[in-house]
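Here the structure is laid out as structure tokens; the discussion comes afterwards.
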Amino acid sequence: MPAPAHIPDKLYFRIGEVARMAGVEPYVLRFWETEFPALKPGKSSTGQRLYRRREVELALEIKRLLHEQGFTIAGARQQLKERKKNPRQPELGFSAAAPAPLAKMRRELEEILGLLNKR
């Protein structure tokens with residue numbers, strides 16, 4: 001699987017930028033906007049589409065579903081709907097033994113707070 005496209009750290013992206021990141025033509029993004037209700041970029045005062053990071057990520061996910069996993073438009077729409085209903089919780093990487101070290105850290109922080117309050 002190819003590496004996911006790097007999304008620059010900025011507030012808004014124009015349709016051409018999003019098209020380059022996704023590797024599709026701008027007309028494809030405009031079509032996807034009609035087929036996927038969640039893909040709804042805002043518009044500037046001049047009518048230019050302005051995608052937020054969330055919409056760029058969604059466009060990349062739509063492309064992955066359609067081009068890499070072979071879903072139809074309806075199938076991709078259903079996949080996105082199911083993911084919205086049942087989002088997977090990201091793993092935080094804490095082991096079962098994590099509460100003991102956290103409790104120790106909390107006690108140490110409370111001791112430090114006590115020392116600071118005495119001053």
Q.
If I stretch the segment between Lys43 and Thr72 completely, what's the gain in nm (0.36 nm per residue apart, minus their alpha carbon distance), one decimal?
A. 7.6 nm
Q: Could you list which residues have their amide H under 5 Å from that of Leu50, counting only those 5 or more apart in sequence or on another chain, with H placed in the peptide plane?
A: Gly42, Lys43, Ser44
Q. Taking neighbour counts of Cβ atoms within 10 Å as a proxy for exposure, in what order, fewest first, do Ile73, Ile62 appear?
A. Ile73, Ile62
Q) Among Lys118, Lys63, which comes first, second and so on when ranked by fewest other beta-carbon atoms within 10 Å? A) Lys118, Lys63
Q: Would you compute the Debye intensity of the stretch 14-86 from its alpha-carbon atoms alone, equal scatterers and no solvent, and pass along log10 I(q)/I(0) at q = 0.12, 0.18, 0.19 Å⁻¹ to two decimals?
A: -0.30, -0.66, -0.73
Q.
I want the local charge near Leu116. Using Cβ-Cβ distances under 14 Å, sum +1 for each Lys or Arg and -1 for each Asp or Glu among the other residues.
A. -1
Q | Cα-based reach from Lys85 at 14 Å (exclusive), listing aspartates and glutamates while leaving out same-chain residues under 8 positions away | A | none
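Bear in mind that the values in this text are calculations on the coordinates, not laboratory data. The structure displayed is predicted, hence computed values, not measured ones. Heads up, the Cβs are rebuilt from the backbone with ideal geometry, glycines too, and the neighbour counts pull from every protein chain shown.
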